[in-house]
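K.L.:
What follows is a single structure, and I will ask about it in a moment.
The values are calculated or read from the model by the stated rules, or taken from the named source; none is laboratory data. Worth saying up front: this structure is predicted, and the values here are computed from it rather than measured. Glycine also receives a Cβ, built like all others from the backbone with ideal geometry; neighbour counts cover every protein chain displayed.
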Amino acid sequence: MSRVSLAATLVLAAAFSAFGQTPAASTPTPLSQLLAEAGTNNPQISAADHGARAARQVAPQVTTLPDPKFTYQQLSVGSPKPFAGYTNSEFAYIGIGASQELPYPGKLRLRGEVAERDADTKQAEVGVTETSIADAVKADYLQLAYLQQTLGILRQNEAVLDQLIQDATVHYRVGQGMQQDVLQAQLNRTKIVKEITMHHQLMGQVQAHLKSLLSRDQGSPDIVTEGLIETPITRTSDELLAMVRQNNPQIQVDASSIRKQDAQLASAKRESKPDFEVGYMYQNTDRKYRDYYMFTFDVRFPHKSRVNAEIAEAAENRAESQQTLAAHLQQQLAEVQQEYIKVTSDEELLKEYREGLVPQSDAAYQATLNAYASNREQFTQVLSYFTDLLNLKLEYAQTLVDHETALAHLETLTGAALR
């Protein structure tokens, strides 16, 4: 074998042993660090948190008695002029009074429970926002890791192809090869250069989206990820499905909404009770007449038709919330099952790549390369095996990122740490 062919083999062997993991220009940032940063800085999470805090301030408002009313009266007699008759009629007076509405016992408490349950729902929605942002950060991070890793594969294979082009050129010059071999190798190199350019474009897009999730300046240094490593799944399908009912953020929102509607229904039924209002007024006349003292007690009876409509509305809203919960639960359970099947299938496929396809393809490529060096094989066969090996390595990387992305989504669905 020529020294050029030997160099090409060594370069490709190094690329295979590392599976395309190229040294990073800067220190990789762990995913956990970016998740913490997103939780602190993401404006969507902050906005949802402020909304939940605002909702907590509703209960003190609706459980407080209605504002008291203070009244000032002046009654004139014999003339519309102020204080007319005040000194010569016992009917003229200056009155000062106050009144207070008193809702039927239990109404304010139930309104407060509705407000508290609504605040609980808002808080649960914060969890949905947090997990949604975390899921997006994970997806971007894994995609970026995949692009950085496969970029390393492409660059290493570009270097290998450069060596093969030189080797084919040497063979052609000494009459042991054809010019079309060189041209075919150069065409393959152009394809790899095109893939590298597309990788840079995709990496730029993912970097921009990831920085927006982290609320970083777009001009900040690019994020370098840790290398992709296969994470075996240790949970069974039944365990994951059980976690959905307990930990899934959307299910928690739906369950909280039902509790809110329960409180709303109880409050609507209580609204059928009458409300009261008490008042007291002191009326001052001239000193030669006696003063007046007046106490009032009013009762307000709600219209039955309105109250019945409120009760019916609350009951329908509760039924809607129950059906929404059932629909979301089935949807989340189906997603968990689908992702679980994908994860387990990908693990089998990764093992096949790692233990069978890639080593066999590498061995076939090197054997063909040795045969070509001894003029026992055509250069087209070398390029064919080289392309097959490159594609297998890229397919392995794609399967790996699909596996890790499915695991990350399972974490979102189940609330469990799986990676």
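K.L.:
Got a sec? Which of A315, A319 is assigned to a helix (DSSP H, G or I), more than 30 Å from the chain's Cα centre (by Cα), modelled with pLDDT of 95 or more and of a type outside the set (S, T, Y)? I'd like the intermediate steps shown before the answer.
P.N.:
Values: A319 fails: more than 30 Å from the chain's Cα centre (by Cα).
Answer to the check: A315.
K.L.:
Something else: Can you confirm whether G95 is over 20 Å from T412 (Cβ atoms), in contact with a Leu (Cβ under 8 Å, 6 or more places away or on another chain) and either surrounded by 15 or more Cβ atoms within 10 Å (Cβ to Cβ) or in contact (Cβ under 8 Å) with a residue 60 or more places away in the chain (or both)?
P.N.:
On the way: over 20 Å from T412 (Cβ atoms): yes; in contact with a Leu (Cβ under 8 Å, 6 or more places away or on another chain): yes; either surrounded by 15 or more Cβ atoms within 10 Å (Cβ to Cβ) or in contact (Cβ under 8 Å) with a residue 60 or more places away in the chain (or both): yes.
Answer is yes for this residue.
K.L.:
Let me ask something else. Select the helices (runs of 4 or more DSSP H) contained entirely in segment 1-68, then report the ones holding at least 2 residues which are at negative phi and at pLDDT 90 or above. Give the steps one after another, and end with the answer.
P.N.:
On the way: elements: 3-18, 31-41, 43-56, 58-62.
Filter on segment 1-68 gives 31-41, 43-56, 58-62.
K.L.:
Cβ-Cβ distance below 9 Å, separation of 6 or more or different chains: which pairs start in segment 298-310 with a residue that is touching a residue at least 24 places away in the same chain (Cβ under 8 Å) and β-branched (V, I, T) and end on one that is loosely packed, with under 12 Cβ neighbours inside 10 Å and part of a loop (DSSP other than H, G, I, E, B)?
P.N.:
Going by the 9 Å Cβ cut-off, the qualifying pairs are V299/P274.
K.L.:
Considering only residues that are closer than 30 Å to F70 by Cα and either within 46 Å of the chain's Cα centre (by Cα) or of a type in the set (A, V, I, L, M, F, W, C) (or both), look in segment 290-305 and name the one that is surrounded by the most Cβ atoms within 10 Å (Cβ to Cβ).
P.N.:
Here is the first cut: in segment 290-305, the residues closer than 30 Å to F70 by Cα are 290-303.
Narrowing further to those that are either within 46 Å of the chain's Cα centre (by Cα) or of a type in the set (A, V, I, L, M, F, W, C) (or both): 294-295, 297, 299, 301-303.
Numbers: M294: 11, F295: 9, F297: 9, V299: 9, F301: 9, P302: 14, H303: 9.
Among residues in segment 290-305 that are closer than 30 Å to F70 by Cα and either within 46 Å of the chain's Cα centre (by Cα) or of a type in the set (A, V, I, L, M, F, W, C) (or both), the one surrounded by the most Cβ atoms within 10 Å (Cβ to Cβ) is P302.
K.L.:
Out of all the residues in segment 27-51, which are under 19 Å from H209 (Cβ atoms), of a type in the set (A, V, I, L, M, F, W, C) and touching a helix residue (DSSP H, G or I) at 6+ places or on another chain (Cβ under 6 Å)?
P.N.:
If the condition is that a residue be under 19 Å from H209 (Cβ atoms), of a type in the set (A, V, I, L, M, F, W, C) and touching a helix residue (DSSP H, G or I) at 6+ places or on another chain (Cβ under 6 Å), then L31, L34, L35, A38, I45 are the ones that fit.
K.L.:
Within segment 351-368, take every residue that is touching a residue at least 40 places away in the same chain (Cβ under 8 Å) and within 14 Å of N391 (Cα to Cα) and give me the one that is surrounded by the most Cβ atoms within 10 Å (Cβ to Cβ). Walk me through how you get there before you give the answer.
P.N.:
Initial filter on segment 351-368 (touching a residue at least 40 places away in the same chain (Cβ under 8 Å)): 353-354, 358, 362, 365-366.
Imposing the further condition that a residue be within 14 Å of N391 (Cα to Cα) reduces the set to 353-354, 358, 362, 365.
On the way: Y353: 19, R354: 14, V358: 18, D362: 21, Y365: 25.
Ranking the qualifying residues of segment 351-368, first place goes to Y365.
K.L.:
Tell me, please, whether a residue that is within 38 Å of the chain's Cα centre (by Cα) and of a type outside the set (V, I, T) can be found in segment 356-367.
P.N.:
Kept after step one, since they are within 38 Å of the chain's Cα centre (by Cα), are these residues of segment 356-367: 356-358.
Still in the list and also of a type outside the set (V, I, T): 356-357.
Scanning segment 356-367 turns up at least one residue that is within 38 Å of the chain's Cα centre (by Cα) and of a type outside the set (V, I, T).
K.L.:
What is the residue count in segment 348-400 for residues that are acidic (D, E) and under 18 Å from I192 (Cα atoms)? Break it down stepwise before answering.
P.N.:
Here is the first cut: in segment 348-400, the residues acidic (D, E) are 348, 352, 355, 362, 377, 388, 395.
When the remaining residues are screened for being under 18 Å from I192 (Cα atoms), the result is 388, 395.
Qualifying residue count, segment 348-400: 2.
K.L.:
Can you give me the number of residues within segment 275-289 that are within 60 Å of the chain's Cα centre (by Cα) and among the aromatic types (F, W, Y)? Show your work before the answer.
P.N.:
Narrowing segment 275-289 to residues within 60 Å of the chain's Cα centre (by Cα): 275-281.
Of the ones still in play, those that are also among the aromatic types (F, W, Y) are 276, 280.
Within segment 275-289, residues that are within 60 Å of the chain's Cα centre (by Cα) and among the aromatic types (F, W, Y) number 2.
K.L.:
Take the residues in segment 229-262 that are under 30 Å from E313 (Cβ atoms) and among the β-branched types (V, I, T); name whichever of them is surrounded by the fewest Cβ atoms within 10 Å (Cβ to Cβ).
P.N.:
To start, the set of residues in segment 229-262 that are under 30 Å from E313 (Cβ atoms) comprises 245, 248-262.
Subsequent filtering for residues that are among the β-branched types (V, I, T) retains 251, 253, 258.
Details: I251: 22, V253: 21, I258: 19.
In this case the residue turns out to be I258.
K.L.:
Sticking with this structure for a sec: With respect to T324, is the statement that it is over 30 Å from I229 (Cα atoms), among the hydroxyl-bearing types (S, T, Y) and surrounded by 16 or more Cβ atoms within 10 Å (Cβ to Cβ) true?
P.N.:
Numbers: over 30 Å from I229 (Cα atoms): yes; among the hydroxyl-bearing types (S, T, Y): yes; surrounded by 16 or more Cβ atoms within 10 Å (Cβ to Cβ): no.
In short, no.
K.L.:
Give the residue, chosen from T296, T225, that is assigned to a strand (DSSP E or B) and either in contact with a Cys (Cβ under 7 Å, 6 or more places away or on another chain) or of a type in the set (S, T, N, Q) (or both). Spell out the reasoning first.
P.N.:
Numbers: T225 fails: assigned to a strand (DSSP E or B).
Sole residue among the options that is assigned to a strand (DSSP E or B) and either in contact with a Cys (Cβ under 7 Å, 6 or more places away or on another chain) or of a type in the set (S, T, N, Q) (or both): T296.
K.L.:
Filter segment 368-404 for residues that are of a type in the set (S, T, Y) and closer than 24 Å to Y146 by Cβ; which is nearest to the chain's Cα centre (by Cα)?
P.N.:
Step one: of segment 368-404, the residues of a type in the set (S, T, Y) are 368, 372, 374, 380, 384-385, 387, 396, 399.
Right, trim to closer than 24 Å to Y146 by Cβ and you get 387, 396, 399.
Working: T387: 39, Y396: 28, T399: 23 Å.
Among those that are of a type in the set (S, T, Y) and closer than 24 Å to Y146 by Cβ, it is T399.
K.L.:
Please pick out the residue among V114, V137, V128 that is in contact with a Pro (Cβ under 8 Å, 6 or more places away or on another chain), assigned to a helix (DSSP H, G or I) and modelled with pLDDT of 85 or more.
P.N.:
Values: V114 fails: in contact with a Pro (Cβ under 8 Å, 6 or more places away or on another chain); V137 fails: in contact with a Pro (Cβ under 8 Å, 6 or more places away or on another chain).
None of the others qualify; the one that does is V128.
K.L.:
Hey, does segment 108-118 have a residue that's in contact with a Leu (Cβ under 9 Å, 6 or more places away or on another chain) and not aliphatic (A, V, I, L, M)?
P.N.:
no
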